[in-house]
Structures are given as C-alpha cells and as structure tokens.
C-alpha cells in the first residue's frame with residue numbers, strides 16, 4: 001500500500017544540514033585561524049558533509065515547503081563545492097583565484113548571509129547566532145583578502161570556529177529535543 005506523499009512525514013533535514021555546515025566550518029576555520037594547514041581533510045569534509053549533506057538537506061527542505069531552509073542549505077552546500085573548485089583549479093585555461101577575486105566572492109556571500117540573518121529574526125535565537133556570526137566571518141575573510149592582512153583572516157577564523165560550533169549546537173539540540181520529546185537544549 002502506498003502512502004499519499006502529502007500525508008507522509010519526512011524527517012527534519014535541518015539537523016543534518018546544520019551539522020554538515022557546522023563541522024565543516026569549524027575545520028576550515030581552524031585553518032583560517034592558523035591552527036592547521038589546508039589539506040585534503042578539509043577538502044574531503046567540504047565535499048561530503050559541507051557540500052553533499054547540505055544539498056541533500058536543502059532538497060528535503062524544498063519537499064517540506066521550507067523556503068528558508070531550502071535556500072540556506074542548498075546555497076551553502078554549493079558554496080562548499082564552488083570553494084573546492086577554486087582550490088583544486090580544474091580549469092587550466094581559466095586564471096586561478098587571486099586575493100581580490102576571493103575578496104569579492106566572500107563579500108557576496110557575506111551580503112547574502114546578512115540578508116538571510118534578517119529572516120532569522122522571525123526564527124529562533126540559535127539560528128540568529130549562526131547567521132550573524134557567519135556574516136561576520138564572511139566579512140572578516142573578505143576584508144582579510146582585500147587588504148592582505150593575515151591577522152584579519154585569523155580573527156575571521158576564530159569567528160568561524162564559534163559559528164561552526166553554534167551550528168553544531170543547533171543541530172544536536174534539535175536531535176536531542178526530538179528524541180526526548182521535550183526541550184533539553186534550548187535554541
């Protein structure tokens with residue numbers, strides 16, 4: 001017997017998307033803060049959890065008719081894939097990224113994120129923290145690239161570690177609260 005898709009509930013995809021975003025953001029920003037080198041570990045995490053898991057979560061949010069979640073997870077999932085393409089430079093006839101082009105890339109993501117933050121003002125505090133700190137991260141990294149000041153990029157790295165940790169908290173709070181059927185961790 002097949003169920004009607006309108007009445008068949010699907011699991012909440014947000015914890016997966018937030019976890020993919022959070023863990024990958026922490027890992028990359030350990031690099032931006034100067035604590036670890038950029039390596040295949042970051043690239044692999046960015047492709048799998050940062051990219052694929054968020055894109056899957058975004059597609060599931062489309063199915064749940066959640067425009068905010070669908071836009072956020074799908075866009076940031078593809079952010080990770082685009083960043084990986086920038087790093088691995090698969091197109092030999094196209095100039096690689098320079099600090100100015102990366103500054104613009106990050107600035108555009110910062111503007112998008114700041115506007116998504118405005119939408120979180122109708123959502124929970126946890127998401128407000130994630131999106132506001134993510135906007136600050138993008139702006140700091142953009143300024144670091146535009147000016148060439150490594151210290152600004154390092155500050156951005158620490159903002160990114162905080163941002164990623166806040167996303168992981170929001171992810172796990174949703175899982176734990178759902179499993180227990182009550183609010184154990186507030187968001």
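The values are calculated or read from the model by the stated rules, or taken from the named source; none is laboratory data. Keep in mind that this is a model prediction, so the values were computed, not measured. Using ideal geometry, Cβ is built from the backbone for each residue, glycine included, and neighbour counts are taken over all protein chains shown.
Whether a residue is surrounded by fewer than 17 Cβ atoms within 10 Å (Cβ to Cβ), under 24 Å from residue 151 (Cα atoms) and in contact (Cβ under 8 Å) with a residue 60 or more places away in the chain was assessed, and residue 35 passes this test.
Give the residue, chosen from 18, 30, that is within 28 Å of residue 154 (Cα to Cα), modelled with pLDDT of 95 or more, surrounded by 18 or more Cβ atoms within 10 Å (Cβ to Cβ) and under 12 Å from the mean Cα position of the chain (by Cα).
18
Tell me, please, whether a residue that is over 20 Å from the mean Cα position of the chain (by Cα) and under 23 Å from residue 142 (Cβ atoms) can be found in segment 70-82.
So far as segment 70-82 goes, no, none of its residues is over 20 Å from the mean Cα position of the chain (by Cα) and under 23 Å from residue 142 (Cβ atoms).
Kindly provide the set of residues from segment 112-123 that are touching a helix residue (DSSP H, G or I) at 6+ places or on another chain (Cβ under 8 Å) and either touching a residue at least 60 places away in the same chain (Cβ under 8 Å) or assigned to a helix (DSSP H, G or I) (or both), ordered by number. 112, 113, 114, 116, 117, 119, 120, listed by residue number. When you check residue 80 against the structure, is it surrounded by 11 or more Cβ atoms within 10 Å (Cβ to Cβ), modelled with pLDDT of 95 or more and more than 17 Å from residue 45 (Cα to Cα), yes or no? No; evaluated as a whole, the condition is false for this residue.
Taking only segment 131-154 into account, find how many residues are over 19 Å from residue 20 (Cα atoms) and either modelled with pLDDT under 95 or part of a helix (DSSP H, G or I) (or both). Adding up the residues that qualify gives 15.
So which of 93, 122 ends up being under 30 Å from residue 9 (Cβ atoms) and exposed (fewer than 12 other Cβ atoms within 10 Å of the Cβ)?
Numbers: 93 fails: under 30 Å from residue 9 (Cβ atoms).
None of the others qualify; the one that does is 122.
Of everything in segment 155-187 that is over 18 Å from residue 23 (Cα atoms) and assigned to a helix (DSSP H, G or I), the residue that is nearest to the chain's Cα centre (by Cα) is 155.
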